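*Asks:* Please read through the structure below; I'll follow up with questions.
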Amino acid sequence: MNKFNAFEMAQQQFDKVAEILNLDVPTRELLRNPLREYNFAIPVRMDDGTMKVFRGFRVQHNDSRGPGKGGIRFHPQETLDTVRALSMWMTWKCAVVDIPLGGSKGGVICDPHNLSMREQEGICRGWVRQLSKDIGPLRDVPAPDVMTNGQHMLWMLDEFETVHGAKYPGLITGKPVGMGGSLGRTEATGYGVIFTLREALKKLNIKPENTKASVQGFGNVAQYAIDLYTQLGGKVICVSCWDQEDQVSYSFKKKDGIKLRELLEITDRFGGIDKEKAKELGYEILPGDAWIEQDVEILLPCALENQITGETAKKIKDTVKVIAEGANGPTTPEADRIIESKKIFLIPDFLANAGGVTCSYFEQVQCNMNYYWEKDEVLGKLDVKMTSAFLAVYELAAKKNLYMRDAAYVISINRVAQACRERGWV
Ligand code: GLU
């Protein structure tokens, strides 16, 4: 969400693999751009009685394999181009785990840190009213993402059902458990990252208990990734997150391993850690970038796009063996070249973090049956899906000597291009 244009980056990644696949021109044109875009105003009455107009987006990149699917972000620096990139990555994400869904993404330019719950409800309801004919269980299915959660999803669902005069639990996923949500959905993205990391470590003959990790971000994805990685025996020594008060990031380090529980007690609902309290607990407070230059075997970028750049990638230590991308688009193409030349094993974003949307798909299935599984069943099915997607990408990368990101793209683009061809779109 800064100078670097995420959409150009997503197109560059696509173009590279389109070339490898020797894709025809119409297919390239179709897939390197979204099918449809919505850019609209959301007027909201604020708590002080004034009206404020927010800007909302929904981009439907491709729905050849099924209804569009993807989250909605609330962020002060949201842009249409970022949402375009994220919708494109959703298409590849659903395709790589082979679920019958397309790619979409939404966003609103706003900062929930400065909005009351009532004002956020107004944004959610306004967003749905503007799109009430263009989203739907058989059309485009939203979900939570950066700074949105189950409560936001429920307000959106309620507005959609009010407009359409019936119940549509399949409109949206990431709903609260008991209100049509799936057990395990909150954990799914972070756990999915670690399922793929576990498989990568097996292939590299490294025992998780002999590894240390450094994490960027401390939101939903990072927290559950740390949880499962620690359960596997790994030690997280550094976490970096955004400080709302100072408007910069800091890294929190403990050489013997951070303690998830104690950090969660001093963390706000956006994943911001209280630095005074962290100091009292013995954490070293370092600059935001410090997470990337730690002597660890594993890096887990779980914050936003464009974080590992040509500049910062040079700081990665030789000890690093695996990078698993919990965030969407954290690595620029220039940084990819550095990571590849350092022979670091990369688990690309749309594979590593596909656990969230895979569990959203399970949520849809459960909604359709109106029968809900136990948590172990959900997480077991998630593990199977993530592991088989990882192995397919790994095997293709090994066979064709491809960078892992490119191998994942080959699988996804082939699947989506085939669907488009079979439908007669190209
Ligand atoms: N926002 C998540 C993602 O980027 C999940 C999307 C979904 O569940 O539809 O993958």
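The values are calculated or read from the model by the stated rules, or taken from the named source; none is laboratory data. Since the model is a prediction, treat every value here as computed from it, not as a measurement. For neighbour counting, all protein chains shown are included, and Cβ atoms are generated from backbone atoms with ideal geometry for every residue, glycine included. Ligands, DNA and RNA are stripped out before the accessible areas are found, and what is left, the full protein with its side chains, is counted by its heavy atoms. Shrake-Rupley method; radii C 1.70, N 1.55, O 1.52, S 1.80 Å.
*Asks:* Which residues, taken from the range 264-289, are of a type in the set (A, V, I, L, M, F, W, C) and over 22 Å from the mean Cα position of the chain (by Cα)? Break it down stepwise before answering.
*Replies:* So in the range 264-289, the residues of a type in the set (A, V, I, L, M, F, W, C) come out as 264, 266, 270, 273, 278, 281, 285-286.
Within the range 264-289, ILE266, ALA278, LEU281, ILE285, LEU286 qualify.
*Asks:* While we're looking at this one, here's another question. When the range 177-205 is examined, which residues are found to be open to solvent by 40 Å² or more (accessible area, probe 1.4 Å) and either within 19 Å of TRP127 (Cβ to Cβ) or outside any loop (DSSP other than H, G, I, E, B) (or both)?
*Replies:* Applying the first criterion (open to solvent by 40 Å² or more (accessible area, probe 1.4 Å)) to the range 177-205 yields 177-179, 183, 186, 198, 202-205.
Across the range 177-205, the qualifying residues are VAL177, MET179, THR186, ARG198, LYS202, LYS203.
*Asks:* Quick one: THR27 ticks every box in (1) under 29 Å from LEU171 (Cα atoms); (2) over 17 Å from the mean Cα position of the chain (by Cα); (3) not in a strand (DSSP E or B) except a single one, so which number is it?
*Replies:* (1)
*Asks:* Still on this model: Counting just the residues of the range 146-157 that are open to solvent by 20 Å² or more (accessible area, probe 1.4 Å) and either among the β-branched types (Val, Ile, Thr) or touching a His at 6+ places or on another chain (Cβ under 7 Å) (or both), which one comes out nearest to the ligand (Cβ to nearest atom)?
*Replies:* If we take residues in the range 146-157 being open to solvent by 20 Å² or more (accessible area, probe 1.4 Å) and either among the β-branched types (Val, Ile, Thr) or touching a His at 6+ places or on another chain (Cβ under 7 Å) (or both), then VAL146 is nearest to the ligand (Cβ to nearest atom).
*Asks:* Follow-up. Please verify whether the range 158-178 includes one or more residues that are out of contact with any Leu (no Cβ under 9 Å at 6 or more places or on another chain), farther than 23 Å from LEU264 by Cβ and within 16 Å of the ligand (Cβ to nearest atom).
*Replies:* Yes, the range 158-178 contains at least one residue that is out of contact with any Leu (no Cβ under 9 Å at 6 or more places or on another chain), farther than 23 Å from LEU264 by Cβ and within 16 Å of the ligand (Cβ to nearest atom).
*Asks:* Based on what the data block shows, is GLN60 within 24 Å of ASN149 (Cβ to Cβ) and open to solvent by 30 Å² or more (accessible area, probe 1.4 Å)? Spell out the reasoning first.
*Replies:* Values: within 24 Å of ASN149 (Cβ to Cβ): yes; open to solvent by 30 Å² or more (accessible area, probe 1.4 Å): no.
Taking the combined requirement at face value, the residue does not satisfy it.
*Asks:* Another question about this same structure. Would you please list the contacts, defined by Cβ atoms under 9 Å and residues six or more apart or on different chains, that run from a residue in the range 67-88 that is over 11 Å from ASP140 (Cα atoms) to a residue that is modelled with pLDDT under 95 and open to solvent by less than 10 Å² (accessible area, probe 1.4 Å)?
*Replies:* If the second residue must be modelled with pLDDT under 95 and open to solvent by less than 10 Å² (accessible area, probe 1.4 Å), the pairs left are THR82/GLU305; ALA85/GLU305; LEU86/GLU305.
*Asks:* Of all residues in the range 80-119, which are within 15 Å of the ligand (Cβ to nearest atom), part of a loop (DSSP other than H, G, I, E, B) and open to solvent by less than 10 Å² (accessible area, probe 1.4 Å)?
*Replies:* VAL97, ILE99, LEU101, GLY102, listed by residue number.
*Asks:* List the number of the failed condition for VAL221; all other conditions in (1) over 25 Å from ILE308 (Cα atoms); (2) touching a residue at least 60 places away in the same chain (Cβ under 8 Å) hold.
*Replies:* (1)
*Asks:* Separate question: Can you tell me which residue within the range 378-409, out of those that are among the aromatic types (Phe, Trp, Tyr) and open to solvent by 10 Å² or more (accessible area, probe 1.4 Å), is nearest to GLU19 (Cα to Cα)? Give the derivation first.
*Replies:* Step one: list which residues in the range 378-409 are among the aromatic types (Phe, Trp, Tyr), which gives 390, 394, 403, 409.
With open to solvent by 10 Å² or more (accessible area, probe 1.4 Å) added as a condition, the list becomes 394, 403.
Values: TYR394: 20, TYR403: 15 Å.
Going through the qualifying residues, I end up with TYR403.
*Asks:* Quick one: VAL365 ticks every box in (1) in contact (Cβ under 8 Å) with a residue 12 or more places away in the chain; (2) within 16 Å of the ligand (Cβ to nearest atom); (3) within 30 Å of GLY180 (Cα to Cα); (4) not hydroxyl-bearing (Ser, Thr, Tyr) bar one, so which box is it?
*Replies:* So the condition that VAL365 fails would be (1).
*Asks:* Pairs please, first residue from the range 259-280 and among the polar types (S, T, N, Q), second anywhere and at pLDDT 95 or above, Cβ atoms under 7 Å, 6+ apart in sequence or on different chains.
*Replies:* THR267/PHE218; THR267/ILE273
*Asks:* If you don't mind, another one. For the subset of the range 350-362 comprising residues that are near the ligand (Cβ under 9 Å from one of its atoms) and not in a loop (DSSP other than H, G, I, E, B), which member is farthest from ALA392 (Cα to Cα)? Before the answer, list the steps.
*Replies:* Narrowing the range 350-362 to residues near the ligand (Cβ under 9 Å from one of its atoms): 350, 353-361.
Pick out the ones that are also not in a loop (DSSP other than H, G, I, E, B) and you get 350, 355-361.
Numbers: PHE350: 14, GLY355: 16, GLY356: 19, VAL357: 18, THR358: 16, CYS359: 19, SER360: 22, TYR361: 20 Å.
The selected residue is SER360.
*Asks:* Only one of these is in a helix (DSSP H, G or I), among the small types (Gly, Ala, Ser) and more than 22 Å from the chain's Cα centre (by Cα): GLY170, GLY122. Name it.
*Replies:* Details: GLY170 fails: more than 22 Å from the chain's Cα centre (by Cα).
Result of the check over GLY170, GLY122: GLY122.
*Asks:* Here's something else I'd like to know. For ILE323, indicate whether it is over 22 Å from the mean Cα position of the chain (by Cα) and outside any loop (DSSP other than H, G, I, E, B).
*Replies:* no
*Asks:* Where residues in the range 1-55 are within 26 Å of ALA408 (Cβ to Cβ) and polar (S, T, N, Q), which of them is most open to solvent (accessible area, probe 1.4 Å)?
*Replies:* Across the range 1-55, the extreme among qualifying residues is ASN22.
*Asks:* Could you give me the residue pairs with C-beta distances under 6 Å whose first residue belongs to the range 120-145 and is of a type in the set (Ser, Thr, Tyr) and open to solvent by 10 Å² or more (accessible area, probe 1.4 Å), whose second residue is more than 16 Å from the ligand (Cβ to nearest atom) and in a helix (DSSP H, G or I) wherever it lies, and which are 6+ apart or on separate chains?
*Replies:* Note: pairs meeting the criteria are SER132/VAL163.
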